[in-house]
């Protein structure tokens, strides 16, 4: 049973489609990263999942059931536009959130706040952007939910806090939790996500593991030979998209498996081979280009 499952999920505002026919599945115990430029539909998707807004059409099930008050208690949510009560200290805010959930246990909140180096005795209005974000993260996990839905969780966090948060996420998932998060921080997605979905103009254009996306992305292999080798030697090999020969150096842009390409190169006096592996940012830009726009 998937923790999250949507079918043909669509949200329109008048004539504008914020989300189109989204079929999304998030499995138990995984971290799923949702990517996309501003306005792609990421925040709309998360808000639909927690029932803050309703779909124009389509269906949502969480833990195999439609959303209900009982299910809300199993979900932790961090909004992208986090609003805090500035007069309350962090501890007072967390006690308020706990009471809203029908509990007074702040054990997990206290432990996570300590890991993130968050002072719970300070008023929210006195906190920096990064510390306000930490407080939002703590409230999302303080009741140890089965599912965490996080909108740009690393926003404003310094590198040390990001590292500690990522470590906590791995422990959370190892303990049986599931995470769906949106992000613009591609290095974060590459580090912690098991699978990635890229939204563009309200549609899911690609979905796969980070490893698979990188394996199938366009990358460049550079061969250095002891003597010149003609570019035509490598043209027509499966996966090779372009070849450039310059003296004893041959550069091939290729997708997929490179076995045949390497075997062909090995027939000649090969001195060296290097591979320029794509990162997630290159893959992301391949799908999105510069088509981002404001939320």
Self-check item: Qualifying position, being over 21 Å from residue 75 (Cβ atoms) and at pLDDT 95 or above, among 163, 115, 111
Solution: 115
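Considering every residue within the stretch 235-249, establish whether at least one is over 13 Å from residue 35 (Cα atoms), assigned to a helix (DSSP H, G or I) and either free of Cβ contacts under 8 Å to residues at least 24 places away in the same chain or under 32 Å from the mean Cα position of the chain (by Cα) (or both).
Filtering the stretch 235-249 for residues over 13 Å from residue 35 (Cα atoms) gives 235-249.
Now narrow it down to the ones that are assigned to a helix (DSSP H, G or I): none.
No, every residue in the stretch 235-249 fails to be over 13 Å from residue 35 (Cα atoms), assigned to a helix (DSSP H, G or I) and either free of Cβ contacts under 8 Å to residues at least 24 places away in the same chain or under 32 Å from the mean Cα position of the chain (by Cα) (or both).
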Quiz item: Just checking, how many residues over the stretch 247-258 are touching a helix residue (DSSP H, G or I) at 6+ places or on another chain (Cβ under 8 Å) and either loosely packed, with under 12 Cβ neighbours inside 10 Å or farther than 17 Å from residue 217 by Cβ (or both)?
Solution: 1
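Just to be sure, is residue 229 crowded, with 19+ Cβ neighbours inside 10 Å, free of Cβ contacts under 8 Å to residues at least 60 places away in the same chain and assigned to a loop (DSSP other than H, G, I, E, B)? Spell out how you get there, then give the answer.
On the way: crowded, with 19+ Cβ neighbours inside 10 Å: yes; free of Cβ contacts under 8 Å to residues at least 60 places away in the same chain: yes; assigned to a loop (DSSP other than H, G, I, E, B): yes.
Against the criterion (crowded, with 19+ Cβ neighbours inside 10 Å, free of Cβ contacts under 8 Å to residues at least 60 places away in the same chain and assigned to a loop (DSSP other than H, G, I, E, B)), residue 229 qualifies.
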Quiz item: With respect to residue 261, is the statement that it is closer than 22 Å to residue 211 by Cα and surrounded by 13 or more Cβ atoms within 10 Å (Cβ to Cβ) true?
Solution: yes
Quiz item: Looking at 196, 185, 179, 138, which one is within 21 Å of the chain's Cα centre (by Cα), buried (at least 19 other Cβ atoms within 10 Å of the Cβ) and at pLDDT below 95?
Solution: 196
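The values are calculated or read from the model by the stated rules, or taken from the named source; none is laboratory data. As the structure is a prediction and not an experimental result, all values here were calculated from the model. Virtual Cβ from ideal backbone geometry, glycine too; neighbours counted across all protein chains shown.
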